[in-house]
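Chemist: To start, I am sharing the structure in question, which I have written as structure tokens.
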Amino acid sequence: QVQLVESGGGLVQAGGSLRLSCAASGLIFDIRTMAWYRQAPGKQRELVAAITSSGSTNYADSVKGRFIISRDNAKNTVYLQMNSLKPEDTAVYYCNRRDRTYPWGQGTQVTVSS
């Protein structure tokens, strides 16, 4: 049974930083392209960043230069370092395979105050 557990969210002022973690279990982690997604109230879930098994990354235009995705295959964990946070980054953040085929976890709430 695949399980994804996100953590690290919280309330932060604009300009601040947070580091999210996603611990994965029950899957062959190191060969999958993993990604972070977010969903703001009333909006669709959107891709934030993705990372391949070899470490290649890509980012949504809205977070380029501010967010960094990384992974530790030995720990089955994906990270999202979020810097220079803006109020529009407020959302619930989730991790999943790039193709979204794993069961979604509970997500972690990120709230950025202005």
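The values are calculated or read from the model by the stated rules, or taken from the named source; none is laboratory data. Every value quoted in this text rests on a predicted model; they were computed, and no experiment measured them. Note that we place each Cβ from the backbone using ideal geometry, even for glycine, and neighbour counts take in every protein chain shown. For the accessible areas, the whole protein counts, side chains as well, though only heavy atoms, and no ligand, DNA or RNA atoms are used. Shrake-Rupley method; radii C 1.70, N 1.55, O 1.52, S 1.80 Å.
Chemist: Please specify each residue of the range 81-107 satisfying the condition of being under 16 Å from residue 17 (Cα atoms), touching a Leu at 6+ places or on another chain (Cβ under 6 Å) and not aromatic (Phe, Trp, Tyr).
Modeler: 82 - this is the single residue of the range 81-107 that is under 16 Å from residue 17 (Cα atoms), touching a Leu at 6+ places or on another chain (Cβ under 6 Å) and not aromatic (Phe, Trp, Tyr).
Chemist: Would you be able to say whether some residue in the range 49-64 is within 10 Å of the chain's Cα centre (by Cα), at pLDDT 95 or above and crowded, with 22+ Cβ neighbours inside 10 Å?
Modeler: yes
Chemist: Still on this model: Tell me whether the range 68-79 contains one or more residues that are more than 15 Å from residue 5 (Cβ to Cβ), open to solvent by less than 50 Å² (accessible area, probe 1.4 Å) and among the polar types (S, T, N, Q).
Modeler: Within the range 68-79, one or more residues are more than 15 Å from residue 5 (Cβ to Cβ), open to solvent by less than 50 Å² (accessible area, probe 1.4 Å) and among the polar types (S, T, N, Q).
Chemist: Please specify each residue of the range 82-100 satisfying the condition of being in a helix (DSSP H, G or I) and either surrounded by fewer than 22 Cβ atoms within 10 Å (Cβ to Cβ) or aromatic (Phe, Trp, Tyr) (or both).
Modeler: The answer is 87, 88.
Chemist: Whether any residue in the range 16-29 is in contact with a strand residue (DSSP E or B) (Cβ under 7 Å, 6 or more places away or on another chain) and farther than 23 Å from residue 72 by Cα is what I want to check.
Modeler: Scanning the range 16-29, I find no residue that is in contact with a strand residue (DSSP E or B) (Cβ under 7 Å, 6 or more places away or on another chain) and farther than 23 Å from residue 72 by Cα, so the answer is no.
Chemist: Next up: For the range 9-22: of the residues being among the aliphatic types (A, V, I, L, M) and open to solvent by 50 Å² or more (accessible area, probe 1.4 Å), which is nearest to residue 63 (Cα to Cα)?
Modeler: Checking each candidate, the answer is 14.
Chemist: Further, regarding this structure: When residue 103 is evaluated against the numbered criteria (1) closer than 29 Å to residue 1 by Cβ; (2) out of contact with any Asp or Glu (no Cβ under 9 Å at 6 or more places or on another chain); (3) without any contact (Cβ under 8 Å) to a residue 40 or more places away in the chain; (4) loosely packed, with under 12 Cβ neighbours inside 10 Å, which criterion, by number, is the only one it fails?
Modeler: Result: residue 103 passes all but (3).
Chemist: Next up: In the list 6, 46, which residue meets the criterion of being under 12 Å from the mean Cα position of the chain (by Cα) and surrounded by fewer than 14 Cβ atoms within 10 Å (Cβ to Cβ)?
Modeler: Just one listed residue meets the conditions, 46.
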